[in-house]
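Asker: Quick one: structure below, then a few questions.
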Amino acid sequence: MNIARKDLIHWKDWETEEILDLLHLAERTEASPLEFSDSLKAKTLLMLFQKTSTRTRVSFEVAMTELGGHAIFLDWRASNLGLTKTWYEAAYLSSNCHVLMARVKENRELAELQKGSSVPVINGCCNKYHPCQALADFLTLKQDAGTFAGLRLTYLGVLNNVANSLLSLAYAFKVHVTLVCPIRPISDMDMEILERMRDAGLLTETLNPQEAVKDADYVYTDTWVNMEYFYEPSAKDLKDERIRTMLPFQLNHELLAHSKAKVMHDMPIHPGYEITEELVVDPRSIIFTQAKNRLPAQKAILLRLLGVA
Ligand code: CP
């Protein structure tokens with residue numbers, strides 16, 4: 001492994017200035033796409049998926065196309081990844097490709113990919129983190145609010161990978177977060193980032209959703225059940241239990257009746273569960289801008305990790 005190599009597994013080992021540079025670079029790719037149209041010429045991104053995806057796959061592939069490079073999609077189950085040690089396969093993959101992006105079920109698989117890889121590794125979502133989504137979300141906040149100063153974000157949902165990555169960037173940019181998280185799966189939590197936020201005085205934790213959204217500038221929610229379990233018959237009991245626990249915390253018009261907060265969701269959306277259909281298309285929703293911003297955010301990540309910008 002190249003020890004000088006920079007990877008993106010989570011944001012905790014990135015400096016605030018580096019992340020801010022990524023946001024500026026993302027904005028430059030949007031404002032001047034032609035400036036970057038050959039930046040990754042003859043470079044190949046390997047996109048490895050253990051789980052389903054719409055946005056991550058499409059936005060990374062489009063990013064490589066628009067930067068003059070190429071992307072290969074590899075389904076974990078249709079490859080030989082499951083037959084051997086992950087790091088052996090990563091050693092091979094990195095000999096033919098210039099950057100690896102992987103969506104995996106368990107964070108430890110990313111460590112194996114890092115161990116074998118001689119090229120940068122990007123976390124395309126694991127059980128603990130979703131750093132690319134968080135960068136797109138903070139790009140959206142920056143564009144929508146104009147500044148991070150004084151912003152208050154409320155997250156209602158399971159304390160999961162999306163929440164962990166949001167907390168990391170909130171810590172970097174000193175954005176206050178209120179967590180309304182009645183379900184906190186130990187295996188997916190990041191105690192370190194919670195402690196950092198608490199110590200910095202940037203975190204409120206409550207189970208009172210009305211209180212939590214009252215002064216929020218943005219309210220964010222996410223799926224209550226991980227995508228691989230949503231239609232899995234063996235996970236029915238888990239899903240039913242989560243729905244029972246989480247329904248009082250649904251994002252809906254009634255909850256936001258006395259709040260000016262804008263509405264965020266990382267998608268895919270399960271209308272009628274974590275959010276009502278009416279709120280998805282309400283003028284206060286910035287959900288589709290978040291999804292659109294995956295493209296410039298990931299262009300910036302690719303350019304920076306490949307040392308091109
Ligand atoms: N938000 C997100 O990562 O979308 P996909 O699961 O469709 O990639």
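Asker: Right, Trp87: touching a residue at least 60 places away in the same chain (Cβ under 8 Å) and out of contact with any strand residue (DSSP E or B) (no Cβ under 7 Å at 6 or more places or on another chain) or not?
Answerer: Numbers: touching a residue at least 60 places away in the same chain (Cβ under 8 Å): no; out of contact with any strand residue (DSSP E or B) (no Cβ under 7 Å at 6 or more places or on another chain): yes.
No: the conditions fail for Trp87.
Asker: Please tell me if Val219 is open to solvent by 60 Å² or more (accessible area, probe 1.4 Å), away from the ligand (no atom under 16 Å from the Cβ) and among the hydrophobic types (A, V, I, L, M, F, W, C).
Answerer: Working: open to solvent by 60 Å² or more (accessible area, probe 1.4 Å): no; away from the ligand (no atom under 16 Å from the Cβ): yes; among the hydrophobic types (A, V, I, L, M, F, W, C): yes.
For Val219, the condition - open to solvent by 60 Å² or more (accessible area, probe 1.4 Å), away from the ligand (no atom under 16 Å from the Cβ) and among the hydrophobic types (A, V, I, L, M, F, W, C) - is not met.
Asker: Residues in segment 193-214 that are open to solvent by 70 Å² or more (accessible area, probe 1.4 Å) and under 22 Å from the mean Cα position of the chain (by Cα): how many?
Answerer: Filtering segment 193-214 down to residues open to solvent by 70 Å² or more (accessible area, probe 1.4 Å) leaves 195, 198-199, 205, 207, 210-211, 214.
Next cut, under 22 Å from the mean Cα position of the chain (by Cα) only: 195, 198, 205.
Total satisfying the criteria: 3.
Asker: Name the residues in segment 42-81 that are within 16 Å of the ligand (Cβ to nearest atom) and part of a loop (DSSP other than H, G, I, E, B), would you? Explain how you work it out, then say what you get.
Answerer: Start the filter on segment 42-81 by keeping residues that are within 16 Å of the ligand (Cβ to nearest atom), which leaves 45, 47-64, 71, 73-76.
Answer for segment 42-81, where residues must be within 16 Å of the ligand (Cβ to nearest atom) and part of a loop (DSSP other than H, G, I, E, B): Gln50, Lys51, Thr52, Ser53, Thr54.
Asker: Which condition breaks for Thr65 when tested against (1) touching a residue at least 60 places away in the same chain (Cβ under 8 Å); (2) open to solvent by 20 Å² or more (accessible area, probe 1.4 Å); (3) under 23 Å from the mean Cα position of the chain (by Cα)?
Answerer: (1)
Okay, residues lined up against (1) open to solvent by 10 Å² or more (accessible area, probe 1.4 Å); (2) charged (D, E, K, R):
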residue: Asp21; (1), (2): yes, yes
residue: Thr29; (1), (2): no, no
residue: Leu34; (1), (2): yes, no
residue: Leu40; (1), (2): no, no
residue: Thr44; (1), (2): yes, no
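Asker: Take the residues in segment 222-244 that are within 16 Å of the ligand (Cβ to nearest atom) and among the aliphatic types (A, V, I, L, M), then tell me which one is modelled with the lowest pLDDT.
Answerer: Met227
Asker: Follow-up. Across segment 261-293, what is the number of residues that are acidic (Asp, Glu) and within 13 Å of the chain's Cα centre (by Cα)?
Answerer: Residues of segment 261-293 acidic (Asp, Glu): 266, 274, 277-278, 282.
With the extra rule that they be within 13 Å of the chain's Cα centre (by Cα), the set shrinks to 266.
So the answer is 1.
Asker: Out of segment 90-104, which residues are free of Cβ contacts under 8 Å to residues at least 60 places away in the same chain, away from the ligand (no atom under 16 Å from the Cβ) and in contact with a strand residue (DSSP E or B) (Cβ under 9 Å, 6 or more places away or on another chain)? So that I can check it myself, show each step before the final result.
Answerer: Just the residues of segment 90-104 that are free of Cβ contacts under 8 Å to residues at least 60 places away in the same chain, to begin with: 90-97, 100-104.
Among the residues that remain, those that are also away from the ligand (no atom under 16 Å from the Cβ) are: 90-97, 100.
Listed by number, the residues that qualify are Ala90, Leu93, Ser94, Asn96, Cys97, Leu100.
Asker: Checking the structure you have, find out if any residue of segment 167-175 is in contact with a helix residue (DSSP H, G or I) (Cβ under 6 Å, 6 or more places away or on another chain), surrounded by fewer than 24 Cβ atoms within 10 Å (Cβ to Cβ) and not in a helix (DSSP H, G or I).
Answerer: Within segment 167-175, not a single residue is in contact with a helix residue (DSSP H, G or I) (Cβ under 6 Å, 6 or more places away or on another chain), surrounded by fewer than 24 Cβ atoms within 10 Å (Cβ to Cβ) and not in a helix (DSSP H, G or I).
Asker: Which helices (runs of 4 or more DSSP H) does segment 198-309 wholly contain that include 3 or more residues that are free of Cβ contacts under 8 Å to residues at least 40 places away in the same chain and not aliphatic (A, V, I, L, M)?
Answerer: 236-246
Asker: Which one of these does Gln143 not meet: (1) in a loop (DSSP other than H, G, I, E, B); (2) open to solvent by 10 Å² or more (accessible area, probe 1.4 Å)?
Answerer: (1)
Asker: Quick check on segment 1-10: of everything there that is open to solvent by 10 Å² or more (accessible area, probe 1.4 Å) and modelled with pLDDT of 95 or more, which residue is farthest from Ile72 (Cα to Cα)? Give the derivation first.
Answerer: Restricting attention to segment 1-10, the residues satisfying the condition of being open to solvent by 10 Å² or more (accessible area, probe 1.4 Å) are 1-7, 9-10.
If we keep only those that are modelled with pLDDT of 95 or more too, we end up with 6-7, 9-10.
Values: Lys6: 21, Asp7: 19, Ile9: 20, His10: 23 Å.
If we take residues in segment 1-10 being open to solvent by 10 Å² or more (accessible area, probe 1.4 Å) and modelled with pLDDT of 95 or more, then His10 is farthest from Ile72 (Cα to Cα).
Asker: Ok, one more. For segment 258-270, which residues satisfy the criterion of being open to solvent by 20 Å² or more (accessible area, probe 1.4 Å) and more than 14 Å from the ligand (Cβ to nearest atom)?
Answerer: Quick first cut of segment 258-270, residues open to solvent by 20 Å² or more (accessible area, probe 1.4 Å) only: 258, 260, 262, 267-270.
Across segment 258-270, the qualifying residues are His258, Lys260, Lys262.
Asker: Restricting segment 105-134 to residues that are away from the ligand (no atom under 12 Å from the Cβ) and within 13 Å of the chain's Cα centre (by Cα), which is farthest from Leu23 (Cα to Cα)?
Answerer: Step one: of segment 105-134, the residues away from the ligand (no atom under 12 Å from the Cβ) are 105-122, 127-128.
Those still in the list that are within 13 Å of the chain's Cα centre (by Cα) too: 122, 127-128.
Values: Ile122: 17, Asn127: 24, Lys128: 22 Å.
Across segment 105-134, the extreme among qualifying residues is Asn127.
Asker: Which of the residues spanning segment 271-309 are open to solvent by less than 60 Å² (accessible area, probe 1.4 Å) and over 23 Å from Ile122 (Cα atoms)?
Answerer: Within segment 271-309, Gly272, Glu274, Ile275, Thr276, Leu279, Val280, Asp282, Arg284, Ser285, Ile286, Ile287 qualify.
Asker: While we're on this one: At pLDDT below 95 and more than 18 Å from the chain's Cα centre (by Cα): does that describe Ile72?
Answerer: Details: at pLDDT below 95: no; more than 18 Å from the chain's Cα centre (by Cα): yes.
Considered against the rule, which asks whether it is at pLDDT below 95 and more than 18 Å from the chain's Cα centre (by Cα), Ile72 comes out as no.
The values are calculated or read from the model by the stated rules, or taken from the named source; none is laboratory data. The model shown is predicted, which means the values in this text are computed figures rather than measured ones. Don't worry about glycine lacking a Cβ; one is built from the backbone with ideal geometry, like all the others, and counts go over all protein chains shown. Just so you know, the surface numbers come from the protein's heavy atoms only, side chains and all, with ligands and any DNA or RNA stripped out. Shrake-Rupley method; radii C 1.70, N 1.55, O 1.52, S 1.80 Å.
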